[in-house]
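The values are calculated or read from the model by the stated rules, or taken from the named source; none is laboratory data. Because the structure is a prediction, the values reported are computed rather than measured. Cβ coordinates were reconstructed from backbone atoms using ideal geometry, including for glycine residues, and neighbour counts include every protein chain displayed.
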Amino acid sequence: MGLAIVISLVIIVLDQLSKSWIINNLPLHESIPVINDFFSLFHIRNSGAAWGMLSNQNWGIYLLTAVSVVASLYIYYLIYINDIKPVRITLALILGGSIGNLIDRIRFNNVVDFLSFTFGDYHFPTFNIADSAIVIGAICLALYLIFRPDYLGKIRFTNRIVINSADKSELSSNEEFENDELEAEIKKKFDSADQINVKDEAADEQPEMKTEDE
């Protein structure tokens, strides 16, 4: 749990520091080329989701803010109730990214984006460190579950303990075994009691036989 919290905090700090530098050093809608015709820092504001989705909707920012709050709380809850380390780490990346963008939406009513990539004539939607953490965390989680499908059934989505069919069969077998043992022990006690009663009756009959002989 501690490592996951540290990872989320690191993502949040890096995201907010990078955005602060962009806000203070790069005017809105201006860019700084880093690798010609491939990568640049381009300051824009996004009132929608990742890569500009819902940015044209006036209500989008409010919906996304509410969704971000609920999602962040639930992801933290998942980190808390699950003890699978790789799952916690990937969820921590997603949580850090979600909170990083949530802070922007609360402060500015939009999200600061600045990482801009161009592939030939195609310009990839501008994003930020928080977006990167969310995508990387989601991809790593998916890959982990693809290559380790046996852990899929062990991931908990609520605090309620779910018992699979194999565990139910094992529990049922154990209960039957315990019931058989209990019945055998009770039968043994009753048999012992019967033997004691028989001995007592035999002891009571011996004096009577001596009296008759006399």
Six or more apart or on different chains, Cβ atoms under 6 Å: show the pairs whose first residue is in segment 119-139 and part of a loop (DSSP other than H, G, I, E, B) and whose second is at pLDDT 95 or above and buried (at least 21 other Cβ atoms within 10 Å of the Cβ). ASN128/ASP113
Failed item, numbered, when ASP113 is tested on (1) in contact (Cβ under 8 Å) with a residue 12 or more places away in the chain; (2) assigned to a helix (DSSP H, G or I): (2)
Which residues, counting only those in segment 19-47, are polar (S, T, N, Q), part of a loop (DSSP other than H, G, I, E, B) and under 26 Å from ILE99 (Cβ atoms)? SER47
Just one of (1) within 27 Å of the chain's Cα centre (by Cα); (2) at pLDDT 95 or above trips up HIS43, so point out which. (1)
Give TYR62, TYR74, TYR151 a once-over and let me know the one that is farther than 25 Å from LYS19 by Cα, at pLDDT below 95 and aromatic (Phe, Trp, Tyr). TYR151
Which count do you get for residues in segment 99-125 that are under 29 Å from ILE35 (Cβ atoms) and surrounded by 21 or more Cβ atoms within 10 Å (Cβ to Cβ)? 8
Positions within segment 31-45 being closer than 14 Å to LYS19 by Cα and charged (D, E, K, R), in sequence order: ARG45
On the basis of being surrounded by 15 or more Cβ atoms within 10 Å (Cβ to Cβ), under 20 Å from VAL135 (Cβ atoms) and at pLDDT below 95, does SER55 make the cut? yes
